[in-house]
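The values are calculated or read from the model by the stated rules, or taken from the named source; none is laboratory data. All values derive from a computational prediction rather than experimental measurement. Here the Cβ is made from the backbone with ideal geometry for all residues, glycine too, and neighbour counts use every protein chain on show. Surface areas here come from the heavy atoms of the whole protein model, side chains and all, with no ligands, DNA or RNA. Shrake-Rupley method; radii C 1.70, N 1.55, O 1.52, S 1.80 Å.
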Amino acid sequence: MTTLTDPPKESFRLSMLIYDTRYRSMTIQIIALIGFLLLLGMLVTNTAQNLATLGKEPSFRFLGEPASYDINQRLLEYTSRDSHLRAALLGLLNTLVVAFLGCITATILGVIIGVLRLSSNWVVAKLTTIYVEIFRNVPVLLWIVFTMAIMIETMPAPRAFKGENPVATMALNDSVAVTNRGIYIPEPLFSRSLGDVHLLGQGSMRFDVSLDLIAIVLVLGLSLWGAAKIKLRADKIQEKTGERPRTWHTRLGLIVVPTAVLLVALGFHFGYPELKGFNFKGGTHLRNSLIALWLALSLYTAAFIAEIVRAGILAVSHGQTEAAAALGIRPGKIMSLVVLPQAMRVIIPPLISNWLNLTKNSSLAIAVGYMDITGTLMGITLNQTGRELETVLLTMLIYLSISLSISAVMNWYNKRVKLVER
Amino acid sequence: MKNTVILGALTIAGLSAGAAAAGTLDDVKARGKLNCGVTTGLVGFAAPDANGEWKGFDVAVCRAVAAAVLGDGSAVEFVPTTGKTRFTALASGEIDVLARNTTWTFSRDVDLKFEFTGVNYYDGQGFMVPKELGVSSAKELDGATVCIQTGTTTELNLADFFRSNNISYEPVPIETNAEAQQQYLAGACDVYTTDASGLAATRATFESPADHVLLPEIISKEPLGPLVRHGDNEWGDVVRWTLNALITAEELGVTSANLAEMAGGTNNPEINRLLGTEGTLGEMLGLSADWGKNALSVGGNYGEVFADNIGEATPIGLARGLNAQWTEGGLLYSPPFR
Ligand SMILES: N[C@@H](CCC(=O)N[C@@H](CS)C(=O)NCC(=O)O)C(=O)O
């Protein structure tokens, strides 16, 4: 039972949409939205109309036509008779390779430099500060072009390795050749190879994977899983009895022996690069474009990661370190057991965004002729077919998918290590 | 409500803007300047000289067109384009005409919607290697590293040549001629391949050109010529007949030396029509009567332009070969001015 009467009901007038603060923001937002949609619609219809007058209606048929150009760095088998779609696939793999390699080296370097920047050693701290400032403040494109120029101009050409008294010689017991076309390193070979398995059919998307590789990964994976199980058991025994059984030799054996046996069974050996004709043959060729891009992206991104790591470590209160020291934990262990695990929570979100940056920056590959997705699909294919709109849209879609996948995985990981608040 | 009306009007304006982009000739006249797409730098064909002035065989086409339309061969804005950016520059309207060693092909003409207005150089793709490699034929290039400009016909020919001869190679994709030159001279590639004329022009800028040889094989047909956007026939005619004027002038013996005299009237009606003292050819093109004389007054006729920029007396030293007049056993054959 209430004695209060309802306030008199205001009748709604149209002018209230503008003068009444309760409705005004809503009105403005709706008008802005309509305007935005109209603008978008205008852009789309205008583009479609102009393309139609040019006689260039969007079509993706070109993807099935033969690409007719060659790609130097091929992770899958490819000839110039393959389709533009397959050329794009090879480009995508090249993007993923350089992004993957770059993220790993940038992270390792970044963590080391970030930790060293906090060193109490004045020289070390200053040197790493200089590193960070130099790399962070020069555009990455310049680093890429610079690295490439240094490799081309200062390393010997393959023909310098020729003759009785060659100007240049191979390194590491004649197994590695450093040239201005890149670095040739020994390649793993199998004399009793299991062959390839054909995934995804025989068409443009065919994806042949070496069965040897699959077997090695499987065996190694099983061994690691077994070793983890043994460790878990040892942990349990330690918790129960306070005594830890010695397991490292069984674990080590479990990891090494099955893989080693498999490698012997497959006839594993190295193929060494050898100068034949114009170039080194055999071995794996890390092209100068790959190295330049990989190195420059890693060094550049590492500078940012170093700052993130430093900030993360500084975010862990010094009391933690002191408390750990009071418990008698050694300094190295304090870093790895107490400080870094807590710092990780601060580090991971910005680290993800740096990985995404590195991946997107890899599209600067074009500057050194690395055949990534911008070099194939958005480069030569676009140029030879004149399908600007289609290729650029596809490329944008591909980068979006890569970035969203990286974020999804890292967000999942971030959730796992996040402090669980109660 | 008002917003919608404005936006609706904008939409319509946007739509009509696409259709109204046709009259390039009027645009050029109104602008008082011709926007001409050229290379980023290939001495002999298009490159700025020591005074920053663009010079070359392709540049001469731009200047002749500017003189024909505007009466001034220096009223040109040169826009450097790479093999990859040139078509976008033309299609988007950034340039009015593209004169950049561009090969006339079916797909560029039909699918990319351009119009080639003739051929100013009949070329073919060749290979250049350092002499010290001791190579005498392109078939011996198995396993070689080859510098190749991307976005060109030459990159496709290259793939076909090596595949059909069953030999392997390592392509190094490159953006501009200058970059190719740097990589080639540093030994990062064994071979540089592009149009033979481009190779000769590039070699001429080397410190010791004699240390490099052009291999005998010419693996393709590369008819190079100026091109415009498809669909603007009036503008296409202007560029086409300016080029034809240069070629016809050589055939009829009109040169820089006798141009003034001949423009006073001659016994040959075709020369008179070409130079505007007879007939109304200029008017038909939408140009002044003396357009042909203006075009010829910049660098002379085709033969003079050739000799001054890339001919045998220049460091580039190209012989006329296929580019001689049809009367001399070459392929140059302009339709009559009638
Ligand atoms: N004719 C071929 C190749 C044209 C081309 O790229 N030529 C080179 C060398 S002859 C060039 O002009 N380069 C000048 C530059 O890099 O700007 C085509 O049209 O695709």
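Across chain B, the relative contact order, built from alpha-carbon pairs under 8 Å that are at least six residues apart, equals 21 percent. Each Lys and Arg adds +1 at its Cβ and each Asp and Glu adds -1 at its Cβ; summed about the Cα centre, chain A shows a dipole of about 1160 debye.
When you count the other C-beta atoms within 10 angstrom of each residue and take the mean per peptide, B:283-295, A:240-252 line up highest first as B:283-295, A:240-252. Per residue of B:244-250, other chain Cβ atoms within 10 Å of the residue Cβ number 0 on average.
Taking the alpha carbon gyration tensor of the range B:125-220, multiplying each eigenvalue by 5 and rooting it gives semi-axes of 18, 15, 12 Å, largest first.
As a calculated quantity, the FRET efficiency between residue B:178 and residue B:92 at R0 = 22 Å, using C-beta atoms, amounts to about 0.35. Taking amide H as placed 1.01 Å from N in the peptide plane, the amide H of residue B:54 sits under 5 Å from that of B:49, each at least 5 places away or on another chain.
Projected label points at residue A:136 and residue A:337, each 7 Å from Cα along the beta carbon direction, are separated by 3.3 nanometres.
With springs only between Cα atoms under 10 Å apart, run a GNM on chain A and tell me which of A:231, A:162, A:276 wobbles the most. Comparing A:231, A:162, A:276 in the GNM, the peak value goes to A:231.
Working from label points 7 Å from Cα in the Cα-to-Cβ sense, the residue A:129 to residue A:413 distance is 3.1 nm.
If you take the accessible area of B alone, add that of A alone, and subtract the area of the pair, what total do you get in Å², probe 1.4 Å, to the nearest 100?
Counting both chains, the buried surface is close to 3600 Å².
A helix-only calculation puts the protein assembly as shown at -16000 deg cm²/dmol for mean residue ellipticity at 222 nm, using -39500 (n - 2.57) for each DSSP H run of at least four residues, averaged over all residues. Within the listed set A:288, A:411, A:173, the residue fluctuating most in the Gaussian network model of chain A (springs between alpha-carbon atoms under 10 angstrom) is A:173. A Stokes-Einstein calculation at 25 °C with viscosity 0.890 mPa s, built on the Kirkwood radius of the range B:210-321 over Cα pairs, returns a diffusion coefficient of 154 µm²/s. Legend: translational diffusion of the protein assembly as shown by Stokes-Einstein, Rh = Kirkwood radius over C-alpha pairs, 4 °C, 1.567 mPa s; D = 41 µm²/s.
The alpha carbon gyration tensor of the range A:278-411 gives principal lengths a ≥ b ≥ c with a/c of 1.5 or higher and a/b greater than b/c, which makes the shape prolate.
Rounded to the nearest 10 degrees, the angle from helix B:57-70 to the longest Cα principal axis of chain B is 0 degrees. A simple rule links phi to the HN-Hα coupling: the Karplus curve 6.51 cos²θ - 1.76 cosθ + 1.60 with θ = phi - 60°, which for the range B:229-244 gives 5, 5, x, 10, 5, 4, 5, x, 4, 4, 5, 4, 7, 5, 4, 4 Hz, with x for Gly and Pro.
Shielding of peptide B:185-193 by partners, expressed as the average count of other chain Cβ atoms within 10 Å per residue Cβ, is 5.
Which whole number gives the average, over all residues in A:67-74, of C-beta atoms from other chains lying within 10 Å of the residue C-beta?
Working: counts 2, 6, 10, 14, 3, 7, 1, 0.
Average neighbour count from other chains, rounded to a whole number: 5.
Derived scalar couplings between HN and Hα for the range B:291-298 equal 4, x, 4, 4, 4, 6, 6, 6 Hz in order, rounded to whole Hz, by the Karplus curve 6.51 cos²θ - 1.76 cosθ + 1.60 (θ = phi - 60°), x for Gly and Pro.
Residues A:89, A:43, ordered by accessible area of protein heavy atoms at a 1.4 angstrom probe radius and largest first, appear as A:43, A:89. Only Lys, Arg, Asp and Glu carry charge here, each on its Cβ (+1 for the first two, -1 for the last two); on that basis the protein assembly as shown has a dipole of about 4660 debye about its Cα centre. Placing A:287, A:74, A:136 in order of accessible area, with the largest value first and a 1.4 Å probe, yields A:74, A:136, A:287.
Per the Kirkwood formula applied to alpha carbons, chain A shows a radius of gyration over Rh ratio, Rg over Rh, of 1.08. Heavy-atom accessible area for residue B:259, with the other protein chains in place and a 1.4 Å probe, reaches approximately 10 Å². Could you tell me whether the range A:140-248 comes out rounded, prolate or oblate from its Cα gyration tensor? Rule is a ≥ b ≥ c as square roots of the eigenvalues, rounded for a/c under 1.5, then prolate if a/b exceeds b/c, otherwise oblate. Verdict is prolate for the range A:140-248.
Quick one: Cα centre-to-centre distance for the range A:370-394 and the range B:248-276, in angstrom? Between the Cα centre of the range A:370-394 and that of the range B:248-276, the gap is 49 Å. Close amide-amide hydrogen proximity is noted between residue B:148 and B:172, B:174, each under 5 Å apart and 5 or more residues distant or on a separate chain (H modeled in the peptide plane; Pro and chain starts excluded). Heavy-atom accessible area for residue B:219, with the other protein chains in place and a 1.4 Å probe, reaches approximately 40 Å².
In this structure, the amide hydrogen of residue A:268, modeled 1.01 Å from its nitrogen in the peptide plane, lies closer than 5 angstrom to those of A:191, counting only residues at least 5 positions away or on a different chain. Separation of the range A:250-318 from the range A:158-235 is 11 Å, based on Cα centroids. Positive-end ranking of A:111, A:398, A:366 along the dipole of chain A, with charges on Cβ about the Cα centre, is headed by A:111. Assuming a ≥ b ≥ c are the square roots of the Cα gyration tensor eigenvalues, decide whether the range A:192-267 counts as rounded (a/c under 1.5), prolate (otherwise, with a/b larger than b/c) or oblate. Note, shape of the range A:192-267 comes out oblate. Annotation: peptides A:381-390, B:60-69, A:12-21, A:337-346, ranked by per-residue average of other Cβ atoms within 10 Å with the highest first, follow the order B:60-69, A:381-390, A:337-346, A:12-21. Computed from backbone phi with θ = phi - 60° and the Karplus coefficients 6.51, -1.76 and 1.60, the 3J(HN,Hα) list for the range A:103-111 is 4, 5, 5, 4, 5, 4, 4, x, 5 Hz; x is used for glycine and proline. Among B:160, B:195, B:109, the residue with the largest mean-square fluctuation in a Gaussian network model of chain B, with springs joining Cα atoms closer than 10 Å, is B:160.
Of the residues A:347, A:157, A:203, the one whose Cα sits farthest towards the positive end of the charge dipole of chain A is A:347 (charges of +1 on Lys and Arg Cβ, -1 on Asp and Glu Cβ, taken about the Cα centre).
Residues A:185, A:34, sorted by accessible area with the largest first, give A:34, A:185 [1.4 Å probe; ligands and nucleic acids excluded].
What you get for chain B, charging only the Cβ of Lys and Arg (+1) and of Asp and Glu (-1), is a dipole of about 720 debye around the Cα centre.
For residue B:326, the solvent-accessible surface computed with a 1.4 Å probe is close to 110 Å², ligands and nucleic acids excluded. Ordering B:254, B:235, B:167 by the projection of their Cα atoms onto the charge dipole of the range B:123-271, which places +1 on the Cβ of Lys and Arg and -1 on the Cβ of Asp and Glu, puts B:167 at the extreme positive end.
Computed over the Cα atoms of chain B, the ratio of the radius of gyration to the Kirkwood radius (Rg/Rh) comes to 1.02. Accessible surface of the range A:192-267, 1.4 Å probe: 70 percent of it comes from carbon and sulfur atoms.
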